[in-house]
Amino acid sequence: MSPHHGTEVGPLGITFLDRETLLVGCAIQEGNSNAVSVYRLRERPKSINASNSDSKHDLKVTDAKNGTEFFWGLAFGGTSLFVTCEGPDEWIASASISERTITDLKPLVSPAALFETKAPSPIIRSPEGFLSVGFAGARDGNPDSLLAFFEEDGKFLGSIRLGLHDVSGLAYGPNQKQLFAIDYSHAQPENGALYRLTESRTSEVCEKHEIMKLSRPTAMVFDSLGNLYVAVCGESKPGSEKNPGSVIKISGLDVLPVPPKRNTKCP
């Protein structure tokens, strides 16, 4: 059960290794175990039973308390899989990939050793090949989300404040020149939204342009045609059994915005 929304938590992060191999990061399952599961989609099933994975890979931590609860984000990079893990101990973990098989996950980076902002959630590879990781921070309404950058070997490159409440997803547009983010906003769900981010030249906080409001967005991905798909939990109504969750399709975001004229102050 999610402590932030009062809903059951199951699969969270998801990515394709290839056309027939699906990787799914899970939350607390039976017996308080957590895993990244591997599914083979050989016959293109209409649905997948979560219990029928080909293999499961737990995060093994030998030098610290093994208390990971949520595998929020998954990113595939060449011969490696990168996963964000939130819980009493938080990690950016990695696994090697060979012949469509992943090895057991191993800790790569302990964010607590670098900065105070907690809750690593989305992770993606930048067009330049480094890892971009979003940290949601506390669920208390403060805009404390952080964007951090790492080499694939775990070397910390730097960070910048996002100015968002609880970043839950990141995605580079198809033109690879724009970065988009979604804000879940746990304390005030009505403030959840999709943003376009740009690096600020005058402050330590990203400049952001709100594109649209979203009700509890959890994940986002672009397709090859430039369409953005965003998964949202929605707002449940008391007494209603209807599932308010949905996937929203947004088009036209891959068009670069018109740059401001010289000496014009950006919004």
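Before moving on, here are some points about what is shown:
- Summing charges over neighbours of residue 163, with a neighbour being any other residue whose Cβ is under 14 Å away from its Cβ, gives -4 when K and R count +1 and D and E count -1.
- Within segment 102-191, the proportion of C-alpha pairs whose separation exceeds 16 Å stands at 54%.
- When the residues 56, 177 are ordered by accessible surface, computed with a 1.4 Å probe over the protein chains alone, the sequence from largest down reads 177, 56.
- Accessible-area rank, largest first, for 220, 212: 212, 220, with all protein chains present and a 1.4 angstrom probe.
- Protein accessible area in segment 95-156, 1.4 Å probe - carbon and sulfur %: 47 percent
- Taking a straight line from the alpha carbon of residue 237, these aspartates and glutamates sit under 17 Å away, with near neighbours fewer than eight places off in the same chain left out: 8, 190.
- Karplus 3J(HN,Hα) series, Hz, for segment 36-43 with 6.51 cos²θ - 1.76 cosθ + 1.60 (x for Gly, Pro): 9, 9, 10, 10, 9, 9, 5, 10
- 101, 84, 15, ranked by accessible area, largest first (probe 1.4 Å): 101, 15, 84
- FRET efficiency for the residue 172 to residue 18 pair, using the beta carbon distance and R₀ = 22 Å, is estimated at 0.60.
- Residue-level accessible surface for residue 168, protein heavy atoms, 1.4 Å, Å²: 20 Å²
The values are calculated or read from the model by the stated rules, or taken from the named source; none is laboratory data. The structure displayed is predicted, hence computed values, not measured ones. Methodologically, a virtual Cβ is constructed for each residue, glycine included, from the backbone with ideal geometry; neighbour enumeration extends over all protein chains shown. Calculation scope for accessible area: heavy atoms of the full protein, side chains included, ligands and nucleic acids excluded. Shrake-Rupley method; radii C 1.70, N 1.55, O 1.52, S 1.80 Å.
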